[in-house]
Amino acid sequence: MKTKIIIGLSTFVLMASCGRKSAETKPIRKDVTETVFASGVLEAKNTYTLKAQTDGYLSAINFEEGDIVKTGSILAIVDNKESGFNNESAKELYQIAKSNLKDDAPALLQAENAIRLNKQKLEQDSIQYQRYKKLFDSNSVSKLDFENSALQFKTSRTNYESSLENYKQLKQQAKQLVISNKAANEVNNIVLSKNQIKAIKSGKVYKKYKQIGDYVARGESIALIGEPENIYAKVNVDEGNIGKVKIGQEALVQLNINKDKTYRGKISEINPSFDESSQSFICKIYFSEALDFTIVNTQLQSNIIVETTKNALLIPRNYIDFGGNVQIKGKDGKTRIITKFVSSEWVQVLNGIDENTVLFTENVTENNVATSEAGSQMPNP
């Protein structure tokens with residue numbers, strides 16, 4: 001975390017004793033702006049990585065970096081002969097299955113012929129059975145002859161019913177083959193269509209990963225695409241500071257390519273889960289003003305304004321020890337103070353001293369002296 005404050009010139013008294021340098025000062029009151037530092041990159045909204053959905057060599061690439069592409073446009077073609085062969089085979093099998101379902105299909109014609117013959121045989125045996133029954137009733141034929149005619153009639157009826165059932169089964173099997181081959185054909189059409197790599201959404205091509213002739217495996221990246229009109233800063237906030245960051249807070253962003261310019265924005269999104277790869281929380285800053293540099297993945301630094309305190313009581317950092325104690329001039333021993341924040345140069349004091357307290361320290365280096373004499377001026381956001 002970094003804390004920025006405006007500090008005017010302070011009055012310090014520098015003394016030397018036996019070669020040791022010391023100084024004294026009084027606390028000052030100034031407005032304090034507390035910020036959370038977060039680094040990150042520029043990213044386009046709805047950025048996605050276009051990936052190959054099948055294996056093969058790239059036979060065509062229809063885009064270059066910077067191109068604007070539309071949803072559904074074919075950006076590349078993968079030469080995958082296996083899927084082409086499978087598609088042709090599935091198409092032919094589907095056509096065969098449909099022809100086997102027609103009324104003039106050989107198997108169905110044969111089954112219909114069997115029905116017709118068995119029906120004729122059944123009609124003949126039925127007449128024969130009725131004739132023998134009358135003769136048997138008049139004792140004109142033997143019981144054996146009558147029973148043989150009855151058996152023949154029953155057998156013909158069974159054969160006729162079996163032929164009807166056989167026709168129904170053939171018809172049903174033909175329908176099932178049509179359904180399964182149609183599904184296989186549609187699946188292979190989908191597989192074949194995956195040879196054409198299409199834009200999922202409209203956007204700008206920010207990165208081209210492959211060239212014509214390159215071999216790609218399924219899932220391998222082809223291009224990076226995003227919305228050029230919506231560029232934001234994606235920043236990483238550490239675990240110790242994420243609790244201070246809230247939606248709507250103002251942020252100051254500097255691009256690494258030009259650290260002399262600051263862009264204003266606001267926290268618009270905080271990802272709900274911890275990012276394992278960066279070991280941080282991902283936040284998105286949308287800019288309040290137009291960017292004059294919009295190349296994605298540009299490195300950047302940001303300061304998120306989390307709190308502003310008016311008229312805060314401040315002392316230089318070198319006047320407090322690591323235990324949180326200060327030395328008051330003319331008082332024996334050290335005094336414990338309560339602080340809110342401790343930065344590299346300044347400490348905000350909540351209790352223990354006031355602006356009339358004169359502090360004394362021997363923790364003075366050449367850098368401390370220079371700072372003490374010149375004061376410290378840091379820009380207020």
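The values are calculated or read from the model by the stated rules, or taken from the named source; none is laboratory data. Owing to the predicted nature of the structure, the values given are computational and were not obtained by experimental measurement. Every residue, glycine as well, gets a Cβ built from its backbone with ideal geometry; the counts of neighbours run over all protein chains shown.
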- Query: With (1) farther than 15 Å from Ser193 by Cβ; (2) at pLDDT 90 or above; (3) loosely packed, with under 14 Cβ neighbours inside 10 Å as the list, and Ala38 as the residue in question, which single condition is left unmet?
  - Reply: (3)
- Can you tell me which residue among Ile231, Ile304, Ile242 is closer than 30 Å to Asp31 by Cα and either among the polar types (S, T, N, Q) or under 23 Å from the mean Cα position of the chain (by Cα) (or both)? Ile242
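For every residue, the table says whether it meets (1) under 30 Å from Gln110 (Cβ atoms); (2) among the hydrophobic types (A, V, I, L, M, F, W, C); (3) surrounded by fewer than 17 Cβ atoms within 10 Å (Cβ to Cβ).
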residue	(1), (2), (3)
Leu177	yes, yes, no
Val187	no, yes, yes
Ile197	no, yes, no
Gly203	no, no, no
- Report whether or not Ile96 is surrounded by 15 or more Cβ atoms within 10 Å (Cβ to Cβ), at pLDDT below 90 and of a type in the set (Val, Ile, Thr). no
- Message: Test of understanding: among Asp125, Asp145, which residue is in a helix (DSSP H, G or I) and touching a residue at least 24 places away in the same chain (Cβ under 8 Å)?
- Response: Asp125
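So for region 207-219 (the condition being within 20 Å of Gly56 (Cα to Cα), crowded, with 21+ Cβ neighbours inside 10 Å and touching a residue at least 60 places away in the same chain (Cβ under 8 Å)), does at least one residue qualify?
Scanning region 207-219, I find at least one residue that is within 20 Å of Gly56 (Cα to Cα), crowded, with 21+ Cβ neighbours inside 10 Å and touching a residue at least 60 places away in the same chain (Cβ under 8 Å), so the answer is yes.
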